[in-house]
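Encoded as structure tokens, the structure appears first; notes follow it.
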């Protein structure tokens with residue numbers, strides 16, 4: 001079963017005096033890339049959060065956000081009066097204006113509010129870690145659901161390529177007959193005596209260069225293997241990507257050997273379906 005690398009998870013916990021929200025978002029990436037945004041008071045536990053995410057999620061660009069909303073009555077910060085006055089003096093030197101306007105501007109500037117650092121209770125950290133695990137669980141479920149949609153799309157497109165392969169097999173006999181006929185007409189137009197045995201040998205050699213029997217067999221096997229890999233217990237987007245490369249190689253070889261307009265049109269359709277699969281493979285875990 002395949003999993004998408006795209007996902008979202010969120011969990012909210014209510015503690016005495018504060019509400020804490022943990023959010024996780026993930027996008028496709030070749031490796032695991034974690035970006036954590038946590039308040040300054042919780043920075044000492046950032047590495048713990050990162051390690052927990054790394055244990056649960058294999059790949060993807062993961063953004064973790066920790067939001068803390070104080071719900072108690074006590075103020076969480078006080079105005080740093082000296083800094084605010086300094087800001088207002090500098091603003092007055094730069095422009096004319098009302099003191100109220102300067103005050104509003106000064107309060108938005110860095111260090112205008114002073115927050116007293118509080119020691120975080122171990123039970124609070126444990127609750128946050130539990131919330132993180134819940135968010136990870138939601139993200140993983142999101143990935144599984146997205147993976148089901150991707151799998152359905154892959155099966156549809158691989159089935160389309162298989163159907164086009166049958167068209168190629170059906171056309172192959174007519175293609176070789178047409179190539180033989182063109183060569184015979186070309187020789188006849190020369191109006192010179194031709195050694196029939198030598199001509200037949202050269203014709204066989206020429207037709208063998210355009211034989212696509214091996215490519216058809218290998219392509220069929222690769223398509224079958226792709227379907228089997230979708231049913232694997234583990235999600236492996238890299239493996240599916242490698243199989244797509246092999247499928248593309250056989251399709252390209254068939255196209256280069258075709259020497260037949262109807263078959264080349266079929267090959268173009270196969271390439272179109274495969275490109276759509278490759279685009280979505282980038283989102284598979």
(request) May I ask you to verify whether residue 46 is touching a strand residue (DSSP E or B) at 6+ places or on another chain (Cβ under 9 Å), modelled with pLDDT of 80 or more and surrounded by 15 or more Cβ atoms within 10 Å (Cβ to Cβ)? (result) yes
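Consider the range 17-29. How many of its residues are touching a helix residue (DSSP H, G or I) at 6+ places or on another chain (Cβ under 9 Å) and either closer than 11 Å to residue 61 by Cβ or at pLDDT below 90 (or both)?
Filtering the range 17-29 for residues touching a helix residue (DSSP H, G or I) at 6+ places or on another chain (Cβ under 9 Å) gives 18, 20-26, 28.
Now restrict to residues that are either closer than 11 Å to residue 61 by Cβ or at pLDDT below 90 (or both): 18, 25-26, 28.
Number satisfying all stated conditions: 4.
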(message) Which residue is modelled with the lowest pLDDT, if the candidates are limited to the range 194-213 and must be surrounded by 15 or more Cβ atoms within 10 Å (Cβ to Cβ) and part of a loop (DSSP other than H, G, I, E, B)?
(response) 210
(message) Restricting to the range 214-236, count the residues that are at pLDDT below 90 and not in a loop (DSSP other than H, G, I, E, B).
(response) 0
(message) So, in the range 16-35, how many residues would count as being more than 14 Å from the chain's Cα centre (by Cα) and surrounded by 15 or more Cβ atoms within 10 Å (Cβ to Cβ)?
(response) 6
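Restricting to the range 102-111, count the residues that are surrounded by 12 or more Cβ atoms within 10 Å (Cβ to Cβ) and assigned to a helix (DSSP H, G or I). Give the derivation first.
Going residue by residue through the range 102-111, those that are surrounded by 12 or more Cβ atoms within 10 Å (Cβ to Cβ) are 102-103, 105-107, 109.
When the remaining residues are screened for being assigned to a helix (DSSP H, G or I), the result is 102-103, 105-107.
Qualifying residue count for the region: 5.
Determine, yes or no, whether residue 68 is under 30 Å from residue 155 (Cβ atoms), surrounded by 11 or more Cβ atoms within 10 Å (Cβ to Cβ), assigned by TED's automatic domain parsing to the domain that holds residue 127 and touching a helix residue (DSSP H, G or I) at 6+ places or on another chain (Cβ under 9 Å).
Here the answer is no, as residue 68 does not meet what is asked.
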(request) Report yes if residue 117 is at pLDDT 80 or above and either within 32 Å of the chain's Cα centre (by Cα) or surrounded by fewer than 16 Cβ atoms within 10 Å (Cβ to Cβ) (or both), otherwise no. (result) no
(message) Checking residue 240 against (1) farther than 17 Å from residue 152 by Cα; (2) modelled with pLDDT of 90 or more; (3) crowded, with 20+ Cβ neighbours inside 10 Å, only one condition comes out false. Which one?
(response) (1)
(message) For the range 1-43, give me the residue count where each residue is in contact with a strand residue (DSSP E or B) (Cβ under 8 Å, 6 or more places away or on another chain) and closer than 29 Å to residue 230 by Cα.
(response) 18
(message) Conditions first: (1) at pLDDT 90 or above; (2) surrounded by fewer than 12 Cβ atoms within 10 Å (Cβ to Cβ). Residue 40 passes all but one, so which condition is the exception?
(response) (1)
(request) Please enumerate the residues belonging to the range 252-285 that are closer than 30 Å to residue 60 by Cβ and either in a helix (DSSP H, G or I) or free of Cβ contacts under 8 Å to residues at least 40 places away in the same chain (or both). (result) 271, 272, 273, 274, 275, 276, 277, 278, 279, 280, 281
(message) Which numbered condition in (1) within 30 Å of residue 5 (Cβ to Cβ); (2) in contact with a helix residue (DSSP H, G or I) (Cβ under 8 Å, 6 or more places away or on another chain); (3) modelled with pLDDT under 90 is the only one that residue 58 fails?
(response) (2)
(message) With the structure loaded, tell me whether residue 129 is touching a strand residue (DSSP E or B) at 6+ places or on another chain (Cβ under 7 Å), at pLDDT 80 or above, in a helix (DSSP H, G or I) and not assigned by TED's automatic domain parsing to the domain that holds residue 224 or whether it fails that test.
(response) no
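The values are calculated or read from the model by the stated rules, or taken from the named source; none is laboratory data. On a predicted model such as this, the values are computed, not experimentally measured, just so you know. Using ideal geometry, Cβ is built from the backbone for each residue, glycine included, and neighbour counts are taken over all protein chains shown.
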